[in-house]
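What follows is a structure written as structure tokens; I'll ask about it next.
The values are calculated or read from the model by the stated rules, or taken from the named source; none is laboratory data. All of these numbers come straight from a predicted model, not from anything done at the bench. All Cβ positions, glycine included, derive from the backbone under ideal geometry; neighbour counts span all protein chains shown.
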Amino acid sequence: MFYVDGWTPLREVSLTVSRRRVREHGEQLKIHGVGGADRSLLTRSGTCGEVWEICANAKEVGVLLSNGAVAKASRDLVRDESEDQPEECNRYVDLFDGTVGSGLHVDGWGVPLETWDENYLRVRYGPFFGLPVLLSEECLTVAKNGGNQVSSASLDQSPKAISDAVVRLFDAGEKHMRLDYKEIVAPDVSFRSFQTAWALAREERPELKTPGRKPRRQ
């Protein structure tokens, strides 16, 4: 949302990789059919693995301060700690949230903990808690151009094409909120147009939810 010359948000890099991989899969379907399309393009682990690799090769890592300045950060902040398949979190940051302290919280021995008290996180990260993680600007170019680049001008943005992309993500295990699906598969279309595509997707996959307000506690 906010930018500083020479830097790009980690969240933007992650979403850009995800969008590009969905687009590439769609193009492969057109050319090769279902049997010839690389389904790994739609897996969360494949996307995360590519983003972690971009992080590992970033020239610099930083954090955007509330005054608009950038504080340089250790590369450990965006280091892949996955033991098996790449995951979207390390102990410090979630790739798709992209803020300090959004990661998988662990104790001193590296054992994951289900919950952390927010006050503890504020003590742990101090004034950096919740601030956007940045990568040097070349990382966004890599995210856009990785693999087989497809011009956005040639991308089918019809409601049916967008609906198909949402369904492919859902079937691959990608469970998102409605607006997150829009940001991944159709960031440039109007909300009204996406609503039409979303309705088509829900006809095919009724399990897709339209999140509403959480019920108030009694």
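Of the residues R23, R79, R19, which single one is at pLDDT 85 or above and farther than 27 Å from F129 by Cβ?
The match here is R19.
I've got another one for you. Among the residues of the stretch 121-142, are any more than 23 Å from N67 (Cα to Cα) and at pLDDT below 85?
no
Then there's this: Inside the stretch 83-104, can you point out the residues that are touching a residue at least 24 places away in the same chain (Cβ under 8 Å) and farther than 19 Å from V13 by Cα?
Q85, the sole residue that qualifies.
Restrict the check to the stretch 144-153 and report whether at least one residue is over 30 Å from D5 (Cβ atoms) and modelled with pLDDT of 85 or more.
Checked against the condition, which is being over 30 Å from D5 (Cβ atoms) and modelled with pLDDT of 85 or more, the stretch 144-153 yields no hits at all.
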